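Every read-out reported here was derived from the displayed coordinates using simple, explicitly stated rules and does not represent laboratory data. These figures come from a predicted structure and were not determined experimentally. As a convention, Cβ positions derive from the backbone with ideal geometry for all residues, glycine included, and neighbour counts pool all protein chains shown.
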Amino acid sequence: MDPAEITEAEPLSGALLKINSLGFLGMLVRLEDELDVTLPDNLFVNRTFTTVADLVDVIAGEIE
Amino acid sequence: MNVTAWRSVLPHLGYDLPPDLSPPGASGPITAQLPLELVRQSVSRREWWPIPEPVAELYRQYRPTPLWRATRFEAEVGARVPIYVKYEGGNLSGSHKLTTRAGPGALLQASGRT
């Protein structure tokens, strides 16, 4: 899958990406390694993630 | 003996775990109920993880408990990782459940969940 084909409006749990909650968290851990950051454990309490943009926003907010 | 770290078997597997798959037709928003630290320990290839102090304090109340390496069992099943057997019937609850749930419980509490 070409990352360029994935828009920020793409559903995380949809026909294309099919990400579930455990896969989502595993992806975050890999992002930590890629970006050399440590995300706070309470970052996801009481939050829901629907699209790629939701994920981008929360990660960008932590590394800025 | 004070135990200060958990040891992960993942670096010994020699392969990556397969991706977690959603059931067919699954959709909708994703919520993250597990603390990231627990996920780190479940997917990373790092071998040693420091034990949170509240868990270490709990362990000190009833440990050490008998532990031995099951070398003959390892040979019988062709194990690629060392297999240890630990008797947990002498702890506070008389069950392994206290030991296996104390760690995740502490990580959940540290992540703001109650």
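The table below lists the values:
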{"item": "Estimated inter-spin distance, residue B:101 and residue A:33, nm [label 7 Å along Cα→Cβ]", "result": "3.2"}
{"item": "Most mobile listed residue (B:98, B:67, B:21) in chain B, GNM with C-alpha springs under 10 Å", "result": "B:21"}
{"item": "Relative contact order of chain A, pairs being alpha-carbon contacts under 8 Å that are 6 or more residues apart, as %", "result": "47"}
{"item": "Residue B:31-residue A:6 FRET efficiency (beta carbon distance; Förster radius 22 Å; 0.05 resolution)", "result": "0.55"}
{"item": "Chain B, relative contact order in percent, only Cα pairs under 8 angstrom and at least six apart counted", "result": "31"}
{"item": "Expected-Rg normalisation [2.2 N^0.38 Å, Cα atoms] applied to region A:3-63", "result": "1.09"}
{"item": "Nitroxide proxy distance, nm - points 7 Å out along Cα→Cβ at residue B:61 and residue B:75", "result": "4.1"}
{"item": "Listed residues B:19, B:82, B:64, most fluctuating in chain B (Gaussian network, C-alpha, under 10 Å)", "result": "B:19"}
{"item": "C-alpha center-to-center spacing [region A:4-19, region B:73-114] in angstrom", "result": "37"}
{"item": "Where chymotrypsin sites (Phe, Trp or Tyr not before Pro) fall in DSSP loop in region B:59-114, at most 14 other Cβ within 10 Å", "result": "B:87"}
{"item": "Separation in nanometres of the label points that stand 7 Å from Cα toward Cβ, at residue B:13 and residue A:64", "result": "3.6"}
{"item": "Two-decimal ratio, the protein assembly as shown, of alpha-carbon radius of gyration to 2.2 N^0.38 Å", "result": "1.23"}
{"item": "Region B:4-81: trypsin sites (Lys or Arg not before Pro) in DSSP coil with no more than 12 other Cβ atoms inside 10 Å", "result": "B:45, B:46, B:80"}
